[in-house]
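I have placed the structure first, in the form of structure tokens, so that the comments after it can refer back to it.
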Amino acid sequence: MNAHSALLEGLNPQQKAAVEYRGDALLIVAGAGSGKTRVLTHRIAHLIETRDAWPSQILAITFTNKAAAEMRERVHQLLGETGEWMWISTFHSACVRILRKEAEHLGYLKSFSIYDSSDSRALIKRLLKDTGAEYHGLKPGGVQAMISKAKNELKDADAFARGIDSNNPYASYTAEVFRRYQEELRASNAFDFDDLVAETVYLLRDFPEVANRYRHRFRHILVDEYQDTNHAQYQLIRELTRPIDPMHLPEDLAIRRDLPTNPASLTVVGDSDQSIYAFRGADIRNIVEFERDFPGAQVILLEQNYRSTQNILDAANGVISHNFDRKDKNLWTSAGSGELVSAYVGYNGHDEAQFVADAIEQLRITGTPYREMAVFYRVNAQSRPIEEVFTRAAVPYRVIGGTRFYDRAEVKDAIAYLLSVANPLDSLSLRRILNTPKRGIGPATEAQLQVYAETQHLSLRQALAHVDELPLGPKVVAEIKVLTAILDDAEALAAEGKVSEVLQLIIDRTGVLRSYRATRDPQDEARAENVEELLAVTIEYEKQNPEGGLVGFLAEAALVAGVDDLDDESGTVSLMTMHTAKGLEFDAVFVTGLEEGLLPHRISLGEPGGVNEERRLLYVALTRAKKNLHISLSGSRAVYGDIEAAAPSRFLDEIPAELLNWKSRPPRKAAEDRSLLGTSSWQDDPPKQKIEWKNSISSVRDNGDLQLSPGDRINHDNYGQGRVMDVTGEGSKAKAVVDFSNFGRKTLLIKIAPITKL
């Protein structure tokens, strides 16, 4: 067998056609799990082996360093040392290589610096202060997002200024900061991350000799995840694939008689059904309109899936078929039907999380390791009840691409306010909130307060009441008095026992939610949702512990938040947002929160194409599962701190009913017909009383140094009496495997499980 044939061995007919195609433009529509990376790397190797290209003539671009490294490794396995001469990199890495050679054309030195996100934000923060824009409510994150968006649309500071409403002071200040930001970058011989692509496009447009050099060098350009390209990245590819202009050639190329002038061959791989990054500037039109941009392009569909069972694929196909701005395709597999999709309706977020925890335990017993299980949610705030239930049930987990709920800065800030109210002597918590949100109380002021407190034998909180005696400016004095009033009023309210009212007062008086929402920064929107979720936590606590009060709430929060990371020989369950899940796969996947307002998210409902993108997001989530797929929703959910009846997602009706194996009935309904999940049956007539779902856990405690041994008998508040079969771990990580006669074997975290030793 020759090398050419070996590269085609094991490929299905569509994959083989994609590898062998020779022409100006090729669109490979690669469905989820269809082996696109294999096709791309084998196509590169086949171009080299058939001598249709030299390694140095190939430019392969993908989006992440991890994906680029994987592609380089696979090409190296196929070609050996030959693969080292080609460019396989991210968009930004490729542009840096070009700019390092050509920066002087743009008036930069080749030794330019690259500002990362934190560098850019620090510079913008200083400019906001210098221009006075920070006093008009502009935040560094929001301004940074607007500048980034403009650059990804190839708008410089002048173009941005021309496009704003001159009567909008926010936009005017942003335009001024943008202008000064660019001046500072140029003076520092620096580019920010967005400049790398944008400035390379400007370079190729403005200097035809430079453009022709790279058009001659790269005769085969391959782009992965093409549906995720933004406007600047799209224009970069367009510039590199234009015909070579013989009237503008560098001297070393002008003397050649055999110089080709035809454009480079372009191969793009992607799937419009997996375009989920519009909020980052990705433009789905780039892939949808590929055939218009490149007339005569060949289109090859990869529909055979090598990841999931047919039932999982049919569920995903059923959902995505309701989007009409797509090239029709239907994923299939030869792996068999597999299990039905498990579906569950919980009374609230904790019931839903308990279903997930119980299902994970069953999967573990039957041989699926924790590392092959993942839980997806639409927004980070949804992780909170899942984390709490997992902690109590001793399910080891890690939050991917995010932070545990109680470790998130905005949550810790709110808890610090509550701790300062409950315990006025807690100087650590008070220090955290002195300047949160920003109120001009810097380190120097804090130091003066601390020195005064120590010399007068006062607590830091007491020192705040004597602020008039300190040599501080009037603005700082006024802000300290405002903070003191907030804490005093919250302390008085806490005496009445309503934790949620105390937190609501703090939220209202500090303006933290207004501050987050005013920036228009997606990260700040997520922070606002987390603060609202904490408010929902306090409301839930009050219902379950009417006499608990603020001190009781803080004790429970500390127990749930403070348990050490669990660990297990089979790894940890992965928790992540659906956006983070793209490109990953797991044996078992749990897609949670299929409710209107969450999926599709409420923000998407008012945006053009927003619901279609939310549908694509669900499609991505469903197709991450290899063997077991579970979907779930809740009958009630926290909305702006209030517990409201939740309506099932419209996407549920798009999954064929025969594919779903319901593990529960919707509240109040016992009919077999799935149509009873209609929105009106929940929203118009919510359940009157709480439904207790099987295995639901609603309490947490601290068992101190409780010791258990195999053979001990215990009583569990929810499972009843059981016998300890095994004990592993030490300290706060100690776990007991307990056999309960009615519920089977359960793994419990001894420190906080609701158990009593008999």
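List of remarks:
- Strands (runs of 3 or more DSSP E) completely within segment 36-116 that count 2 or more residues being modelled with pLDDT under 90: 87-90, 113-115
- Against the numbered list (1) touching a helix residue (DSSP H, G or I) at 6+ places or on another chain (Cβ under 6 Å); (2) within 28 Å of residue 238 (Cβ to Cβ); (3) surrounded by 18 or more Cβ atoms within 10 Å (Cβ to Cβ), residue 128 comes up short only at (2).
Yes or no, residue by residue, for (1) without any contact (Cβ under 8 Å) to a residue 40 or more places away in the chain; (2) over 30 Å from residue 20 (Cβ atoms); (3) of a type outside the set (A, V, I, L, M, F, W, C):
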residue	(1), (2), (3)
46	no, no, yes
75	yes, no, no
86	no, no, no
91	no, no, no
102	no, yes, yes
124	no, yes, no
130	no, yes, yes
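- Condition check for residue 587: under 22 Å from residue 372 (Cα atoms), out of contact with any Phe, Trp or Tyr (no Cβ under 9 Å at 6 or more places or on another chain) and either at pLDDT 95 or above or assigned to a helix (DSSP H, G or I) (or both): yes
- Checking 51, 43, 38 one by one, the residue that is closer than 22 Å to residue 287 by Cα and open to solvent by 10 Å² or more (accessible area, probe 1.4 Å) is 38 and no other.
- Some residue of segment 174-182 being at pLDDT below 90, in contact with a Leu (Cβ under 8 Å, 6 or more places away or on another chain) and crowded, with 21+ Cβ neighbours inside 10 Å: yes
- Inclusion of residue 513 among residues that are open to solvent by less than 60 Å² (accessible area, probe 1.4 Å), assigned to a helix (DSSP H, G or I) and either of a type in the set (Gly, Ala, Ser) or closer than 19 Å to residue 427 by Cβ (or both) is not warranted.
- Output for segment 638-665, where each listed residue is modelled with pLDDT under 80 and surrounded by 20 or more Cβ atoms within 10 Å (Cβ to Cβ): 638
- Considering segment 521-535, the residues that are at pLDDT 85 or above and of a type in the set (A, V, I, L, M, F, W, C) include one that is nearest to residue 502 (Cα to Cα), namely 535.
- Hey, residue 165 modelled with pLDDT under 90, within 21 Å of residue 128 (Cβ to Cβ) and among the charged types (D, E, K, R) or not: yes
- Only one of the listed residues (697, 691) is modelled with pLDDT under 75, closer than 22 Å to residue 350 by Cα and touching a Phe, Trp or Tyr at 6+ places or on another chain (Cβ under 6 Å). That residue is 691.
- Residues of segment 602-626 that turn out to be of a type in the set (Ser, Thr, Tyr) and either in contact with a strand residue (DSSP E or B) (Cβ under 7 Å, 6 or more places away or on another chain) or within 16 Å of residue 311 (Cα to Cα) (or both), as a count: 2
- Flag for residue 84 being within 24 Å of residue 221 (Cβ to Cβ) and either in contact with a Pro (Cβ under 7 Å, 6 or more places away or on another chain) or open to solvent by 50 Å² or more (accessible area, probe 1.4 Å) (or both): yes
- On inspection, residue 485 does not qualify as surrounded by fewer than 20 Cβ atoms within 10 Å (Cβ to Cβ), over 25 Å from residue 439 (Cα atoms), over 34 Å from the mean Cα position of the chain (by Cα) and not hydroxyl-bearing (Ser, Thr, Tyr).
- Restricting attention to segment 225-257 and to residues that are among the hydrophobic types (A, V, I, L, M, F, W, C) and modelled with pLDDT under 90, the residue that is nearest to residue 620 (Cα to Cα) turns out to be 244.
- Subset tally (residues that are touching a His at 6+ places or on another chain (Cβ under 8 Å) and more than 24 Å from residue 716 (Cα to Cα)) for segment 356-396: 2
- Failed item, numbered, when residue 80 is tested on (1) farther than 24 Å from residue 114 by Cβ; (2) of a type outside the set (Val, Ile, Thr); (3) within 30 Å of the chain's Cα centre (by Cα): (3)
- Of all residues making up segment 371-380, the number that are open to solvent by 10 Å² or more (accessible area, probe 1.4 Å), of a type outside the set (S, T, N, Q) and outside any loop (DSSP other than H, G, I, E, B): 2
- Only one of the numbered conditions (1) more than 25 Å from residue 94 (Cβ to Cβ); (2) in a helix (DSSP H, G or I); (3) among the aliphatic types (A, V, I, L, M) is violated by residue 32, and that is (2).
- If the condition is being within 20 Å of residue 26 (Cα to Cα), modelled with pLDDT under 95 and open to solvent by less than 10 Å² (accessible area, probe 1.4 Å), then segment 194-222 contributes only 218.
- The set of residues from segment 700-714 being open to solvent by 50 Å² or more (accessible area, probe 1.4 Å), modelled with pLDDT of 85 or more and either assigned to a strand (DSSP E or B) or of a type in the set (Asp, Glu) (or both) comprises just one member, 713.
- Within segment 715-758, the only residue that satisfies the criterion of being buried (at least 20 other Cβ atoms within 10 Å of the Cβ), more than 38 Å from the chain's Cα centre (by Cα) and hydrophobic (A, V, I, L, M, F, W, C) is 724.
- Qualifying residue in segment 19-28 (condition: part of a helix (DSSP H, G or I) and on the phi < 0 side of the Ramachandran plot): yes
The values are calculated or read from the model by the stated rules, or taken from the named source; none is laboratory data. All values reported here derive from a predicted model rather than from experimental measurement. Because the Cβ atoms are built from the backbone with ideal geometry, glycine has one as well, and the counts that use them run over all protein chains shown. To get the accessible areas, we keep the full protein, side chains included, count just its heavy atoms, and leave off ligands, DNA and RNA. Shrake-Rupley method; radii C 1.70, N 1.55, O 1.52, S 1.80 Å.
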